[in-house]
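Let me begin by presenting the structure, written as structure tokens, before commenting on it.
The values are calculated or read from the model by the stated rules, or taken from the named source; none is laboratory data. Since the structure is predicted, the reported quantities are computational estimates derived from the model, not experimental observations. Here the Cβ positions follow ideal geometry from the backbone for every residue, glycine too, while neighbour counts run over all protein chains shown.
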Amino acid sequence: MTQELKYKLSSLPQSSGCYFMKQGSTIIYIGKAKNLKSRVNSYFVGSHNNKTTMLVQDITDIDYIIVDNDKEAFILEINLIKKHRPKYNILLVDDKSYPYIEITAEKYPLLKLNREVKQKHKNVFGPYPTNYSAYYLHKILNEIYPFRKCETLPKKECIYYHLHQCLAPCIHPEVDYAPIVNEVVQIMKGSNQELLSSLQTQMLKQSELLNYELALKIRDLIEHIKLAQVKQVVESRDSLDRDVISYANNDNYLAINILMVRKGQLIDNYTQVFSILDEVDLEISKILCEYYLEKIDYLDEILISDDLAYEDFRLFNEKKIKVVKKGPKFKLLSISHENALNTLNNYHLLHMAKADLILDSLKELSTYVNHPLTYLEIFDNAHLFGVDAVSSVVVFKNNSFSKKDYRKFHLKTSTNDDLKSLSEVIYRRYFRLLSENSPLPDLVLVDGGTNQVQAAQKVLESLGLNISVLGLVKNENHKLRGFIVHQQEIKLDKNSSLFKFLLSLSEEVHRFTINFHRQVHQSSPYLGILTKIKSIGPITKNKLLKRCNSLSEIKALTDDELVEIGLNKAQITQLRKGLKYYD
């Protein structure tokens, strides 16, 4: 887990909402929570099933939308999953998982439960998040309200007429279903307070008459109406495409939040933090005008609060930009503002905390080399049994990674001699910087112990450079345990700021180097021998490569050592068979 992800987990709000698990910029899972902080953090503690374990391994970033309560989160989650179709939301991705309830447009209507509605009309409701919720609601309404029950009208009344669950249009063709349809429509929309009060009265009355089963059904119906009222906050009745904009700012930063409502459903959330370089109103107008330059024609309206009604933005397209001061739309503005404010607060805390930790770590590290540190370069090598050897350097300066200064190297060294490879890349890097008269780092970090540090120092001295060198020492599982300086190993507390800082450097250079090596290896005619062996997948292959530097070393491993790495008996048999003819 990266430091940034740890910070995000620690700064999550204790609010209701929906969370997005991301792999890079791709959303891979969406969930809802009464308490975002508690729910999201629960993924990263304790043991889980295989699917959840795989999900956690893929997570590189987390985002979220705050709403007022868990019921709003419940509705929002459905819309978000349908829009983004994350790969881990297998059970909810397919629209067939969302049943509809329909009052058929007939003289004697049916109340139907459908998986698909070929042609939607005003009396189609849903989709519902689970089969059970839709089935149960459909069952209750059909028992309380006497809709027609038979697909084809029979010649005489059926048992439902005698149970008072049907008006029997088969024998009473004059019956009028309009009052029943109107009442059920109001229930489905959850918009009639008088009806809600009437149902509560009925529930109490049936309870007093000891008709507990009917009273429970009416109670469940009341709960559905309340849920429908909540649903109106995140789903509008007009099916318009609109954006809802709010912002929050402090002296240095501005956070803008945009809720995206499409076809009446809240389906996405965009939040960005900007540095304030001008007056706040001018910054907002400039940002929004640029953002909507090519987007505004596709929207029906943009909702803003009166404190965001800046003239430049209003004039951008005055017909579509509407100021909202009350009602359900203002509730959406409140949700947007809460998300903007929360993002701003977290951004400030996250970046201030990270900056303080980095400064403290650099200050502590400087005591080991006896000079200040502001510019660091970190090296790593990668190869597969001496083939496709590459190296890279990652640059850290001005308290952050400077990605534009990262460099990749195709090594001319074609063996698996790490010291020779390291010496080559150190020489090529600093010979180039000297030739270009470019700035030099205060500290060089290499992956390895005393031998690697001495090899790097020897090359630097040959170039006439006096740059401190530090070695990042790993344990037997190739995890950071400390560093080498002045031929002495300094072991670190894993909870210390310095350990976390050095770990972030190590992880970044390893990530960058491995990605480069994969690109080179995939384009190379040489294919990894391990990849060809049946039952040895990428995870197992990586474990073997971390443990051993050659095929000979892998062949020399005992069965017990292979089990310790994670192979089962079948994999061991296939591995032995696959490596039989390789020295």
message: Test of understanding: among 232, 265, 272, which residue is polar (S, T, N, Q) and at pLDDT 80 or above?
response: 272
message: Just to be sure I understand the filter: pairs with C-beta atoms under 6 Å, separated by 6 or more residues or on different chains, first member in the range 427-440 and in contact (Cβ under 8 Å) with a residue 60 or more places away in the chain, second member among the small types (Gly, Ala, Ser) and surrounded by 13 or more Cβ atoms within 10 Å (Cβ to Cβ). Which pairs pass?
response: none
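Per-residue answers, yes or no, for (1) assigned by TED's automatic domain parsing to the domain that holds residue 395; (2) within 21 Å of residue 505 (Cβ to Cβ); (3) among the aliphatic types (A, V, I, L, M):
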position: 427; (1), (2), (3): yes, no, no
position: 431; (1), (2), (3): yes, no, no
position: 435; (1), (2), (3): yes, no, no
position: 439; (1), (2), (3): yes, yes, no
position: 447; (1), (2), (3): yes, yes, no
position: 450; (1), (2), (3): yes, yes, no
position: 456; (1), (2), (3): yes, yes, yes
position: 461; (1), (2), (3): yes, no, no
position: 466; (1), (2), (3): yes, no, no
message: If I go through the range 84-103 residue by residue, how many of them are more than 23 Å from residue 218 (Cα to Cα) and at pLDDT 70 or above?
response: 6
message: Condition (residue is without any contact (Cβ under 8 Å) to a residue 12 or more places away in the chain and β-branched (Val, Ile, Thr)) applied to the range 67-89: is it met by at least one residue?
response: no
- prompt: residue 453 passes all but one of (1) touching a helix residue (DSSP H, G or I) at 6+ places or on another chain (Cβ under 8 Å); (2) in contact (Cβ under 8 Å) with a residue 24 or more places away in the chain; (3) of a type outside the set (D, E, K, R); (4) closer than 20 Å to residue 513 by Cα; which number fails?
  reply: (1)
- prompt: Can you tell me which of 25, 47, 42 is out of contact with any Leu (no Cβ under 8 Å at 6 or more places or on another chain) and within 21 Å of residue 339 (Cβ to Cβ)?
  reply: 25
message: So, in the range 399-423, how many residues would count as being touching a residue at least 12 places away in the same chain (Cβ under 8 Å), in contact with a Phe, Trp or Tyr (Cβ under 8 Å, 6 or more places away or on another chain) and not aliphatic (A, V, I, L, M)?
response: 3
- request: Give the range 137-159 a look and list any residue that's in a helix (DSSP H, G or I) and touching a Pro at 6+ places or on another chain (Cβ under 9 Å), or say none.
  value: 138
statement: When every residue in the range 318-341 that is of a type in the set (A, V, I, L, M, F, W, C) and farther than 26 Å from residue 13 by Cβ is compared, the one modelled with the highest pLDDT is 323
- line: Counted residues in the range 46-76 being among the acidic types (Asp, Glu) and at pLDDT below 80 come to 2
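Results for (1) modelled with pLDDT of 80 or more; (2) out of contact with any Ser or Thr (no Cβ under 8 Å at 6 or more places or on another chain); (3) closer than 26 Å to residue 336 by Cα; (4) hydrophobic (A, V, I, L, M, F, W, C), shown as yes or no for each residue.
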| position | (1), (2), (3), (4) |
| --- | --- |
| 78 | no, yes, yes, yes |
| 82 | no, yes, yes, no |
| 112 | yes, no, no, no |
| 116 | no, yes, no, no |
Verdict on residue 12 being of a type in the set (A, V, I, L, M, F, W, C), over 18 Å from residue 86 (Cβ atoms) and buried (at least 16 other Cβ atoms within 10 Å of the Cβ): yes
field: helices (runs of 4 or more DSSP H) enclosed by the range 1-68 - at least 3 residues per element that are over 13 Å from the mean Cα position of the chain (by Cα) and within 28 Å of residue 356 (Cα to Cα)
entry: 3-10, 36-42
field: Candidates 51, 37 - the one that is surrounded by 16 or more Cβ atoms within 10 Å (Cβ to Cβ) and either outside the structural domain of residue 510 (by TED's automatic domain parsing) or more than 22 Å from residue 500 (Cα to Cα) (or both)
entry: 37
